[in-house]
1. Which net charge results when you count Lys and Arg as +1 and Asp and Glu as -1 among the other residues whose beta-carbon is under 9 Å from that of residue 228?
2. With a/c under 1.5 counting as rounded, go ahead and sort the stretch 122-236 into rounded, prolate or oblate using the C-alpha gyration tensor (a ≥ b ≥ c being the square roots of the eigenvalues; past the cut-off, prolate if a/b is larger than b/c, else oblate).
3. Going down the table (139/210; 89/206; 139/239; 63/139; 141/210; 102/239), which pairs top 32 Å between alpha carbons?
4. Please report the antiparallel percentage of the DSSP beta bridges confined to the stretch 122-236, to the nearest 5.
5. Among 137, 76, 87, whose Cα lies farthest out toward the positive end of the dipole of the stretch 39-196, if unit charges sit on the beta carbon of Lys, Arg (+1) and Asp, Glu (-1)?
6. Relative to the Cα centre, what is the charge dipole magnitude of the stretch 122-236, using +1 at the beta carbon of each Lys and Arg, -1 at the beta carbon of each Asp and Glu, and rounding to the nearest 20 debye?
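Nothing in this text is a laboratory measurement; each read-out follows from the coordinates by a stated rule. Computed from a prediction, not measured in an experiment: that's the story for all the values here. As a convention, Cβ positions derive from the backbone with ideal geometry for all residues, glycine included, and neighbour counts pool all protein chains shown.
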Amino acid sequence: MEKETGKKYQQVGEKIIESEKHRDRGHRRRLRERFIKAGFTGFHDHEILELLLTYAIPQKDTKPIAKDLIEKFGSIVNVLNADIEDLRKVTGIKEYAAVFIKFSRELITRYFQSSIPEQASFSSIDQLVAYLNPFYYGKRKEIFMVLYLNSRNERLAEENLGEGTVNEAVAFPRRIVESALKYNATSVIIAHNHPGGILEPSEQDKNITKNIKEALSTISISLQEHIILNEEGHYSFRKNGLLD
C-alpha cells in the first residue's frame, strides 16, 4: 500500500515537472516570436536578459535569474559590463552563462567598431570619439588603448595595453615605440577612460603622456592626441594645450 502511494506521488511529481517544462518552453517560444516580429520593442530589460539567457541556460526558467541580475546590478547596461566573477555570484549564473553575457557585450563593441571602414581616418576629434566610445562605454576599469596611424591619419592598427591604472603603465612607452615601428606608423593616438571619475587628467596621466611623447620623438613619430573618456564626455590633451 505504501509502495503504491509512493508511486502515485512520484507520478504526480513527474507530471508537474513535465507541465512546468512545457510551460517554460512555451514562454521561451513566445519571447522569441516577439523578438522576431518586432525586435526588442515592448520588451522590459529583464525580458531581454531572460531571452538572452535561454541560449546559455537551456533547461531552466531564466526569468527569475534575469530579474535577480537587474536587481543586483541596477540596469541591463551594468549587467553586460559586470565582471564574470561578479556575475557568477548571482544564483543560477554559472561560468558558461557568465561568459556568454560577457561575449554578448564584447560582440556589441566589435559590431560598432567593425562598422567603421578598416582604413578609418581620424581627421577630427568627433570621429575619434565616435570610434572609441563603444569600446569604453560602461567599462568599470581603466583601459589604455593605442591607435597607430599612417601619414593620412588612417588607422593601421590598434592595441589594448590592458586594464589597470595609468600610473601603473611604466612599460607603456617602450611597448608603444616597438609597435609603432612594427606597424610603420607616422603618428600615434592614445586613449584611456576615467570610469566614475572626473575627466581632467591626473598628474600620472600627464607624466605618462610626456614619457610616451618623448619616447616616440626619438624615432620621429608624433603623439597626435591623448583622449580621456567617461560617461560625461571626453577630454583632449591637444585641445587643452598639453601636447604643444
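1. Summing Lys/Arg as +1 and Asp/Glu as -1 gives -2.
2. Verdict is oblate for the stretch 122-236.
3. Working: 139/210 25 Å; 89/206 38 Å; 139/239 25 Å; 63/139 26 Å; 141/210 23 Å; 102/239 35 Å.
The answer is 89/206; 102/239.
4. Taking every DSSP beta bridge within the stretch 122-236, about 70 percent pair in antiparallel fashion.
5. 87
6. 320
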